[in-house]
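Contents: one structure, followed by commentary.
The values are calculated or read from the model by the stated rules, or taken from the named source; none is laboratory data. Please read these numbers as outputs of a predicted model, since none were measured by experiment. Neighbour counts are summed over all protein chains in view; Cβ atoms, including those assigned to glycine, are modelled from backbone coordinates with ideal geometry.
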Ligand code: PLP
């Protein structure tokens, strides 16, 4: 029996039905490094393929290590089911493909991770799905862009570089009044943001980041809140509510009924994972289980350290501006305080007065921070987007993306805060000394 609690610290260790390995009693979830599973007999095999019995068939579709990870993640998030996949990119793509087909559209926030932006603006277009980008500062923009073909709203809880927390409840409510589910990428704010409690229908993660937490594995996940009534808006969701020829005419909302409100996540597994095949490796599912176990604990330290870093940077003479939800004012600060609990996350941005050259000098002088294109590692990470991730964009495009010449993004780790501040201090001295020499 799963442990009955709402406390994420406990769920991170005990969430889901796994207690110990049925074959050996092993407490740690074993890595089931197998492609396939022996059927009991032909009748059992037929029932599994017909979805009359739930069980293991083939690791592209399901695996016991993956099951344990998915159940625990769903328990932590407060969802009814999860699907782990090969990467965060797959999670975003599957989240859309599960309910949208050629001729449909999705309304998305403009504040997105670059990979999601390209997926939406280029690749989904090739498949005939239009993505309408709107400024999330005014939630009503989502309503204005909606029509009869809109299948979902999409946004990130805590998008960088701007770090303006998304108006979750405001947009979820608009969507619910029109029959459109909100899909939220909560990669940058696990544990601290609880999207389902504010009306989101689906949560996606790049588990590569905080959930893994140790920079070892690429992975992603989709979690179904089980709180959206697909049948009440059946004409918007034919993929869930009309017979599916690829499964003997199964209607997913009907097929899911004996199992719970899991039509969305059931279809994602048995259709998208079966057909497109971006399965998570058992070894990576295991790594993410290890990550989940300390996720709430790590987030606490990330949050505390980031606040110390932001307060240090804001007083530094080489810096013109610090971007951090806890230092914002007005609507952005109000949203940060409503939607983030226990801290403001571990991403901190700042603008060096010395521009591009100071940004490069700062990065090159870092000793403890790693210079990488990643976030969410237990180690502190830094990047100067103008000379790396965003160098191919024009100056105007960089500005539109929130990337100014001297902008540096930090993903603050869980080292002792004194050591983090000491490294920043010495690297800022290098950046500043160079700027003064140049002047
Ligand atoms: N979503 C966000 C917010 C991200 O930061 C990333 C990766 O940086 C992704 C999705 C894509 O995840 P992955 O790299 O695991 O494919």
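If you take just the helices (runs of 4 or more DSSP H) that sit entirely in segment 314-433, which of them hold at least 2 residues that are crowded, with 19+ Cβ neighbours inside 10 Å?
330-339, 355-365
Please specify each residue of segment 213-253 satisfying the condition of being surrounded by fewer than 24 Cβ atoms within 10 Å (Cβ to Cβ) and within 16 Å of the ligand (Cβ to nearest atom).
214, 215, 216, 217, 218
How many residues are in a loop (DSSP other than H, G, I, E, B), over 18 Å from residue 55 (Cα atoms) and in contact with a strand residue (DSSP E or B) (Cβ under 7 Å, 6 or more places away or on another chain) when one looks only at segment 252-285?
Counting residues in segment 252-285 that are in a loop (DSSP other than H, G, I, E, B), over 18 Å from residue 55 (Cα atoms) and in contact with a strand residue (DSSP E or B) (Cβ under 7 Å, 6 or more places away or on another chain) gives 1.
Scan segment 76-96 for residues that are within 10 Å of the ligand (Cβ to nearest atom) and either over 22 Å from residue 129 (Cα atoms) or in a helix (DSSP H, G or I) (or both) and report the count.
Residues of segment 76-96 that are within 10 Å of the ligand (Cβ to nearest atom), as a first pass: 85-93.
This time we only want the ones that are either over 22 Å from residue 129 (Cα atoms) or in a helix (DSSP H, G or I) (or both), so: 86, 88-93.
So the answer is 7.
Every residue in segment 110-127 that is more than 10 Å from the ligand (Cβ to nearest atom), out of contact with any helix residue (DSSP H, G or I) (no Cβ under 7 Å at 6 or more places or on another chain) and either over 15 Å from residue 185 (Cα atoms) or not in a loop (DSSP other than H, G, I, E, B) (or both), please.
Hits for segment 110-127 are 117, 118, 120, 121, 122, 123, 125, 126, 127.
Which residue pairs have Cβ atoms under 8 Å apart, sit 6 or more places apart or on different chains, and have a first residue in segment 154-174 that is without any contact (Cβ under 8 Å) to a residue 40 or more places away in the chain and a second that is in a helix (DSSP H, G or I) and more than 12 Å from the ligand (Cβ to nearest atom)?
Cβ pairs passing all conditions: 171/142; 172/198; 174/140; 174/142; 174/143.
For segment 209-240, name all the residues that are touching a helix residue (DSSP H, G or I) at 6+ places or on another chain (Cβ under 6 Å) and farther than 20 Å from residue 81 by Cβ.
212, 213, 216, 217, 234
Looking at segment 166-181, can you tell me whether even one residue there is within 14 Å of the ligand (Cβ to nearest atom), within 23 Å of residue 330 (Cβ to Cβ) and in contact with a strand residue (DSSP E or B) (Cβ under 9 Å, 6 or more places away or on another chain)? Let's see the steps before the verdict.
Step one: of segment 166-181, the residues within 14 Å of the ligand (Cβ to nearest atom) are 166.
Still in the running and within 23 Å of residue 330 (Cβ to Cβ): 166.
Pick out the ones that are also in contact with a strand residue (DSSP E or B) (Cβ under 9 Å, 6 or more places away or on another chain) and you get 166.
Yes: segment 166-181 contains one or more residues that are within 14 Å of the ligand (Cβ to nearest atom), within 23 Å of residue 330 (Cβ to Cβ) and in contact with a strand residue (DSSP E or B) (Cβ under 9 Å, 6 or more places away or on another chain).
Restricting to segment 97-109, name every residue that is in contact with a strand residue (DSSP E or B) (Cβ under 6 Å, 6 or more places away or on another chain) and within 16 Å of the ligand (Cβ to nearest atom).
Matches in segment 97-109: 106, 108, 109.
Among the residues of segment 136-153 satisfying the criterion of being in contact with a helix residue (DSSP H, G or I) (Cβ under 7 Å, 6 or more places away or on another chain) and in contact (Cβ under 8 Å) with a residue 40 or more places away in the chain, which is farthest from residue 351 (Cα to Cα)?
151
Just a yes or no: is a residue in segment 183-196 away from the ligand (no atom under 16 Å from the Cβ), part of a loop (DSSP other than H, G, I, E, B) and either farther than 19 Å from residue 132 by Cα or assigned by TED's automatic domain parsing to the domain that holds residue 321 (or both)?
Taking every residue of segment 183-196 in turn, at least one turns out to be away from the ligand (no atom under 16 Å from the Cβ), part of a loop (DSSP other than H, G, I, E, B) and either farther than 19 Å from residue 132 by Cα or assigned by TED's automatic domain parsing to the domain that holds residue 321 (or both).
Does residue 133 count as buried (at least 24 other Cβ atoms within 10 Å of the Cβ) and farther than 16 Å from residue 186 by Cα?
No; evaluated as a whole, the condition is false for this residue.
Only one residue in 30, 22 is assigned by TED's automatic domain parsing to the domain that holds residue 204, assigned to a loop (DSSP other than H, G, I, E, B) and surrounded by 14 or more Cβ atoms within 10 Å (Cβ to Cβ), so which one is that?
When all the criteria are applied, what remains is 30.
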